[in-house]
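Trainee: Starting off with a structure, shown below.
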Amino acid sequence: MTATKTLLIVYHSMTGGTRQMAESACVGATAAEPDLTVRLLHAPQAHAADVLAADGYLFATPENLAAISGLMKDFFDRSYYGVLDQVNGRPYASLVCAGSDGQNAARQIARIATGWRLKPVAEPLIVCTHAQTPEAIGATKHLSEADLQRCQDLGAALATGLAMGVY
């Protein structure tokens, strides 16, 4: 019997958009592969041991000042050296909830993942809220069903690939 594989979803969210994205991906992964263990962790609660215990990853962050959020960066900083050279080749994907374009936040995650020698298995999924005023930026986000379905589909695809041993 093959050991159950684990998908780790690490996210940070202040206004709810990224949390909705991560939760939707978790729903998709769980529905697609009920035998897969899916762990959804808020970035401050995630540690190197969680990364080492997982077979694949989904990193979800808001775009803050054209970068990943500070608490997501903190997760990577706290975990980076503890997992270096121990997760080589494992698959990952990323989710970005952006106010403008999200590309730089996606690039930051890709650079960190490159340092960990992870294997990208999907293009970054970026949901743009177009929040450009202080009020809109700080407001609670309500993402569209279509955007949440995209996140769910990515979670399902990542889970299926892990379960099938494609990655």
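The values are calculated or read from the model by the stated rules, or taken from the named source; none is laboratory data. Computed from a predicted structure; not experimentally measured. Neighbour counts run over all protein chains shown; Cβ positions are idealised from the backbone, glycine included. Keep in mind that these areas ignore ligands, DNA and RNA; they rest on the heavy atoms of the full protein, side chains included. Shrake-Rupley method; radii C 1.70, N 1.55, O 1.52, S 1.80 Å.
Trainee: Taking only protein heavy atoms and a 1.4 Å probe, what accessible area per residue, in Å², does the chain have with all protein chains in place?
Mentor: Per-residue value: 48 Å².
Trainee: Could you calculate the contour length gain from T4 to R39, that is, 0.36 nm times the residue separation minus the distance between their Cα atoms, to one decimal place in nm?
Mentor: Extending this stretch completely gives an extra 11.3 nm.
Trainee: Which of rounded, prolate, oblate describes the stretch 107-155, given a ≥ b ≥ c as roots of the alpha-carbon gyration tensor eigenvalues and a/c under 1.5 marking rounded, otherwise prolate only if a/b is larger than b/c?
Mentor: It is oblate, given that a/c is not under 1.5 and a/b is not larger than b/c.
Trainee: Which order do peptides 8-20, 62-74, 42-54 fall in by mean Cβ count within 10 Å, highest first?
Mentor: 8-20, 62-74, 42-54
Trainee: In the stretch 89-167, with Lys and Arg counted as +1 and Asp and Glu as -1 at Cβ, which of these residues, V121, A157, C97, has the Cα nearest the positive end of the dipole, that is, farthest along it?
Mentor: Checking the options against the dipole of the stretch 89-167, the answer is V121.
Trainee: Let me ask something else about it. With Cβ to Cβ distances under 11 Å as the rule, what net charge do the other residues near A106 carry (K, R +1; D, E -1)?
Mentor: Around A106, the surrounding residues sum to -1.
Trainee: Would you please calculate the Kirkwood hydrodynamic radius of the stretch 61-113 over all C-alpha pairs and express it in Å, rounded to one decimal?
Mentor: Across the stretch 61-113, the inverse of the average 1/r is 11.6 Å.
Trainee: Between beta-carbons, use under 10 Å as the cut-off and find the net charge around L7, counting Lys and Arg +1, Asp and Glu -1.
Mentor: Net charge around L7: 0.
Trainee: Which one of V27, F59, A136 has its Cα pushed farthest toward the positive end of the charge dipole of the chain, where Lys and Arg give +1 and Asp and Glu give -1 at the Cβ?
Mentor: Of the options given, the answer is F59.
Trainee: Grab the beta carbon distance between R117 and L52, set R0 = 22 Å, and tell me the FRET efficiency rounded to 0.05.
Mentor: 0.95
Trainee: Go ahead and estimate [θ] at 222 nm for the chain from helices alone: -39,500 (n - 2.57) per DSSP H run with n ≥ 4, summed, over the residue count, rounded to 500.
Mentor: Taken over the chain, the calculation gives -13500 deg cm²/dmol.
Trainee: Quick check for me: using +1 on Lys/Arg Cβ and -1 on Asp/Glu Cβ, what's the dipole size of the stretch 87-167 about its Cα centre, in debye to the nearest 20?
Mentor: 480
Trainee: Let's test the formula: R0 of 41 Å, r as the Cβ-Cβ distance of V166 and L65. What FRET efficiency results, to the nearest 0.05?
Mentor: 0.70
Trainee: Let me ask you something else. Taking only C-alpha pairs under 8 Å that are 6+ residues apart, what is the relative contact order of the stretch 1-116 in percent?
Mentor: Result for the stretch 1-116 is 30 percent.
Trainee: Let me ask something additional. Evaluate the charge dipole of the chain about its Cα centre and quote only its size in Debye, nearest 20, assuming +1 on the Cβ of each Lys and Arg and -1 on the Cβ of each Asp and Glu.
Mentor: So the magnitude is around 340 debye.
Trainee: Accessible area of the chain with a 1.4 Å probe: how many percent of it is carbon plus sulfur?
Mentor: For the chain, the apolar C and S fraction of the accessible surface comes to 54 percent.
Trainee: May I pose another question? Which of the three applies to the stretch 55-158, rounded, prolate or oblate, going by the alpha-carbon gyration tensor with a ≥ b ≥ c and a/c under 1.5 meaning rounded?
Mentor: Judged from the Cα gyration tensor, the stretch 55-158 comes out oblate (a/c at least 1.5, b/c at or above a/b).
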